[in-house]
Structure formats: C-alpha cells, structure tokens
Amino acid sequence: MRDILRKVAEGKLSIEEAEKLLKAWAIEEIGSLAKIDVGREFRKSIPEIILGEGKDPKDLAEITLKVLGKSGRAIVSRVTEEQIEAVKRTLPEDSILQVYEKARILIVKHRDFRVEESGGKVGILAAGTSDVPVAEEARIIVEETGCKAIVAYDVGVAGIHRLLSPLKKMIEEDVDVIIVVAGREGALPSVVAGLVDIPVIAVPTSIGYGLGGKGVSALIAMLQSCSLGLAVVNIDGGVAAGAVATLIAKRVARFKKTAKNF
C-alpha cells in the first residue's frame with residue numbers, strides 16, 4: 001500500500017490506477033482460520049457474505065466480529081440457532097443484530113451503518129410457499145446491496161392466473177431483472193421469460209420428491225428451457241441469484257443516471 005501511495009505522490013501512478021490496485025489488495029487474515037476479503041464490496045459492489053454452513057459456532061462468531069470491525073457490517077448465510085447464539089454473545093454494544101429466520105440469514109451492523117441506494121430494481125417471484133425461504137434469501141441480498149426488491153410469492157403455474165397481476169406491476173415498476181424461484185418441475189421461470197423483455201434468473205429449489213427430487217428436475221427443466229433470456233443458478237442458490245441480479249440492476253441504474261445527464 002505504501003508503494004502504491006508513493007507512486008501516486010511521485011506522479012508515476014494515476015488515482016484511478018491506484019484505486020484499482022487498493023481494491024484488489026484488501027484481505028484480512030484471522031490467524032490460520034480464515035482470510036477475509038474485506039475489499040470485495042469496493043471491488044465488486046457485493047460484500048463478502050460469510051457462509052455459516054459447516055462452521056464451528058465459535059469460529060463463525062470470530063469471523064463475523066472481524067468483518068464487522070473492518071466493514072461496519074457482516075452478512076452470514078445458512079446459519080443455525082447455535083451459531084446465532086454464539087454471535088449474540090460476542091457482539092459489541094454499538095451494533096445491531098438482524099436475524100431473518102426464513103432465509104436463515106444473520107446480519108450485524110454498526111448503528112451508524114447505512115446501505116447506499118443504487119436505484120436498481122429487482123423483481124422476485126416464488127412459485128410456491130415452500131420456495132419462499134430461497135426467495136427471501138435472494139431478497140435480503142438484493143436489499144443489502146442497495147437495490148429495491150419487488151416481490152410476489154405463491155404465483156406458480158398450478159394457478160397461472162395468480163402471476164399476471166404481480167408480473168404487470170414489475171413491468172410497470174421497470175425492474176431491471178427478475179429472479180424466479182421454483183421447485184418440483186420448475187416451470188415458472190420459462191413462463192416468465194417467455195412473457196417479458198427483462199433478463200430472468202431462475203433458481204431451482206430442493207422442493208420435490210421421487211424421481212428427479214431434491215431440485216434435480218427443476219434444475220434440468222430450467223437448463224432445458226426454450227425461453228431465451230433465461231439464466232440459471234444452482235439448486236437453492238438464493239444468495240447467488242441475489243448477487244447476479246444486483247450486478248445487473250446496479251449497472252443498469254448507473255447508465256440510466258448517466259443518460260439523464262445528457
């Protein structure tokens with residue numbers, strides 16, 4: 001970092017070039033336990049999201065505290081009750097804890113932390129009530145990265161008439177991308193992609209049983225979709241869908257703002 005700053009002072013490096021180098025550099029090590037990418041939000045517009053699944057509660061609490069101290073906020077996905085309690089016991093007084101039970105997400109923030117609004121808009125549809133936890137996972141990531149989420153749940157193809165009104169609202173709101181979450185035969189994303197001129201991100205869920213159960217049928221159906229403009233993330237990939245949607249929406253919002261200035 002000192003070398004980069006010296007080159008800027010000597011005129012050998014522009015401010016823009018230095019900024020790129022510094023964004024790529026920010027890694028925080030926690031002994032041999034973890035290497036935290038605290039510069040990810042500056043580099044990618046998406047913060048590092050800690051995966052709770054499989055982590056020891058004590059280790060997770062330590063990682064969460066370190067991210068909070070460096071970034072002012074820590075987001076943890078796929079958390080258990082035991083992990084939540086471990087984090088609670090270690091929180092500083094000037095922090096706020098948010099627990100989203102359906103989405104299994106935990107967020108800790110400094111009291112003065114504020115999410116900067118980007119102007120991006122993301123529609124989120126869930127086929128059935130059983131798909132809501134994954135849709136909520138996507139919603140929280142979208143909102144925590146500064147985009148507006150417009151949601152409609154239980155609008156699957158078993159009662160296709162339920163889809164029309166919320167989809168019309170999303171089009172009127174001029175959403176930049178739509179996330180569609182569905183299990184079983186995974187038909188809803190293909191239907192939506194066939195109706196709109198908006199990028200669609202399909203998320204198969206592990207809802208379903210028997211042959212092709214646990215999301216396999218839904219994933220294969222989405223990958224085989226004949227509707228163009230449809231991309232697919234992994235089974236139960238709410239965080240992944242939220243991240244991709246955010247990148248699209250933020251970029252669209254940035255260009256919309258630029259266009260208004262001309």
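Readers should treat all values here as calculations from the given coordinates under stated rules, not as data from a laboratory. Being a predicted model, the structure only gives us computed values, none of them experimental. Here the Cβ positions follow ideal geometry from the backbone for every residue, glycine too, while neighbour counts run over all protein chains shown.
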>> List the residues, sorted by chain then number, that are 5 or more residues from Ala126 or on another chain and whose placed amide H is less than 5 Å from its amide H.
In response: Ala152, Tyr153, Asp154, Val155, Val181
> In whole angstrom, and with the biggest value first, how far do the Cα coordinates of the chain range along each principal axis?
Replying inline: 62, 53, 31
> Which net charge results when you count Lys and Arg as +1 and Asp and Glu as -1 among the other residues whose beta-carbon is under 12 Å from that of Asp154?
Replying inline: 0
> Ordered by residue, what ³J(HN,Hα) values in Hz, to whole numbers, does segment 88-98 give under the Karplus form 6.51 cos²θ - 1.76 cosθ + 1.60, where θ = phi - 60° and Gly and Pro are x?
Replying inline: 3, 5, 10, 6, x, 5, 8, 10, 10, 9, 10
> Considering the dipole of the chain built from charges on the beta carbon (Lys and Arg +1, Asp and Glu -1) around the Cα centre, which of Gly119, Leu5, Pro199 is farthest to its positive end?
Replying inline: Leu5
> Going by how many other Cβ atoms sit within 10 Å of their own, how do Tyr209, Tyr153, Tyr100 line up, fewest first?
Replying inline: Tyr209, Tyr100, Tyr153
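Going through the cross-link list Lys121/Lys257; Lys168/Lys260; Lys66/Lys109; Lys148/Lys257, which pairs have a Cα-Cα distance over 18 Å in this structure?
From the list (Lys121/Lys257; Lys168/Lys260; Lys66/Lys109; Lys148/Lys257), the Cα-Cα distance tops 18 Å for Lys168/Lys260.
What percent antiparallel are the DSSP beta bridges of the chain, to the nearest 5?
Numbers: 14 of 36 bridges.
In the chain, approximately 40 percent of DSSP beta bridges are antiparallel ones.
Exposure proxy check: Leu167, Leu97, Leu65 ranked by fewest other beta carbons within 10 Å? Walk me through the intermediate numbers first.
On the way: Leu167 21, Leu97 12, Leu65 18.
The fewest-first ordering by Cβ neighbours comes to Leu97, Leu65, Leu167.
Find the relative contact order for segment 170-262 and round it to a whole percent, using C-alpha pairs within less than 8 Å whose residues are 6+ positions apart. Mind showing how you got there, number by number?
On the way: 160 pairs, mean separation 26.7, N = 93.
About 29 percent, as a whole number.
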>> Taking the number of other C-beta atoms within 10 Å as the exposure measure, put Met1, Met222 in order starting with the fewest.
In response: Met1, Met222
